[in-house]
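The values are calculated or read from the model by the stated rules, or taken from the named source; none is laboratory data. Given the structure is predicted, the values throughout are model-derived calculations rather than measurements. Here the Cβ positions follow ideal geometry from the backbone for every residue, glycine too, while neighbour counts run over all protein chains shown.
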Amino acid sequence: MTVQEANKAYLGFAAARGMNVTFSNITYTTSTWNASEWTLQPTSYVAPVYQITSPATCTGDSYELVFKANADGKATVSANGVVVDKNVDIKAGEPSPRATP
């Protein structure tokens, strides 16, 4: 969950990659929610750690930049000081390949 909302609570089921799960015999009921002692939690920030995992040079006409970071976000790709791609989606822990001319 990426957002907290005052006066709302969320309930869900989750499973990790590589797992097969079955949820059954579930009964959903609602009741009055007492949030008198609940407060929004403070936002915490992750110090960015990022790396370029592709080779430093290439021999062809295009170069595949592979970028990896520890947090989700957006990136701007530049080649020789010129922006070649904006708002590239970055997912934490996943390589983000981008061919550049």
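Some points to look at:
- Cβ separations smaller than 8 Å between residues 6+ apart or across chains give no pair from the range 31-42 residues that are within 15 Å of residue 11 (Cβ to Cβ) to residues that are acidic (Asp, Glu) and not in a loop (DSSP other than H, G, I, E, B).
- Some residue of the range 44-62 being farther than 29 Å from residue 79 by Cα, modelled with pLDDT under 85 and acidic (Asp, Glu): no
- Those strands (runs of 3 or more DSSP E) of the range 19-101 in which at least 1 residues are out of contact with any strand residue (DSSP E or B) (no Cβ under 7 Å at 6 or more places or on another chain), considering only elements entirely within it, cover 82-90.
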